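What follows is calculated from the coordinates using simple rules that are stated; it is not laboratory data. Predicted model only: the values in this text are computed from it and were never measured. Methodologically, a virtual Cβ is constructed for each residue, glycine included, from the backbone with ideal geometry; neighbour enumeration extends over all protein chains shown.
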């Protein structure tokens, strides 16, 4: 495997409604290049524009993964399917999504687009999936208002775990051990029945997992006001784990995980 091909581009880092609708931060999803396989996760508002500006070619995508159907994660799912398949002229790529994002009544993928990709696969708890040799798992259903799954990618060299939107539960960290942990951190202070992680909860997750490195993203207004880079520094000192805050357009090279 060529480490130079293993990167993560954070097209946007906004989480929660105000951050997204005001575009204080971009909301364009995340693009993974793993073992020369191109994967787009959660194409929220602005994904296509952000990808083109970063010189990322949607026609090279091998898969689009939707963790859940909320608009900040899914608004650009249809245009990205169009772009990936060249408006259906090239039947290629795989789309992964929970079942409630796919039904015709309340789903977010337009029915006429469902024949454009090579196939569509339904995400469910405890399942494993393959994208041209890159394996990922959806280990547990999250606590969130709609059907939602985190992701654990396994390549020849790395395990990359992503805790997407969820409320905290006691064994959450057990499902997401790996070399790199990415966490959606929306709130500074816990709020009951919100379905998002707060600073203290993210800190607990990082301390229990002890990954080689952690990256924070998907910031709500309270985290943005607290300066995510300062929050990351605090968590790094408390957990004794390198923690960084993603920035809009940031490209993370997985080879950094091998550095002392």
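See the values below:
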{"item": "Identity of the residue in region 201-260, at positive phi and touching a residue at least 60 places away in the same chain (Cβ under 8 Å), that ends up surrounded by the fewest Cβ atoms within 10 Å (Cβ to Cβ)", "result": "249"}
{"item": "Close pairs (8 angstrom Cβ cut-off, 6 or more residues apart or separate chains): without any contact (Cβ under 8 Å) to a residue 60 or more places away in the chain and at positive phi in region 113-136, surrounded by 14 or more Cβ atoms within 10 Å (Cβ to Cβ) and not in a strand (DSSP E or B) anywhere", "result": "126/139; 126/140"}
{"item": "Residue within region 183-190 that is touching a strand residue (DSSP E or B) at 6+ places or on another chain (Cβ under 9 Å) and over 30 Å from residue 22 (Cα atoms) present", "result": "no"}
{"item": "Residue check for residue 145: in a loop (DSSP other than H, G, I, E, B) and crowded, with 19+ Cβ neighbours inside 10 Å", "result": "no"}
{"item": "Any chance residue 73 is closer than 20 Å to residue 30 by Cβ and buried (at least 23 other Cβ atoms within 10 Å of the Cβ)", "result": "yes"}
{"item": "Scope region 2-51; condition on the phi > 0 side of the Ramachandran plot and surrounded by fewer than 24 Cβ atoms within 10 Å (Cβ to Cβ); matching residues", "result": "16, 23, 35, 36, 46"}
{"item": "Entirely in region 163-260, the helices (runs of 4 or more DSSP H) that have 2 or more residues that are under 20 Å from residue 73 (Cα atoms)", "result": "221-225"}
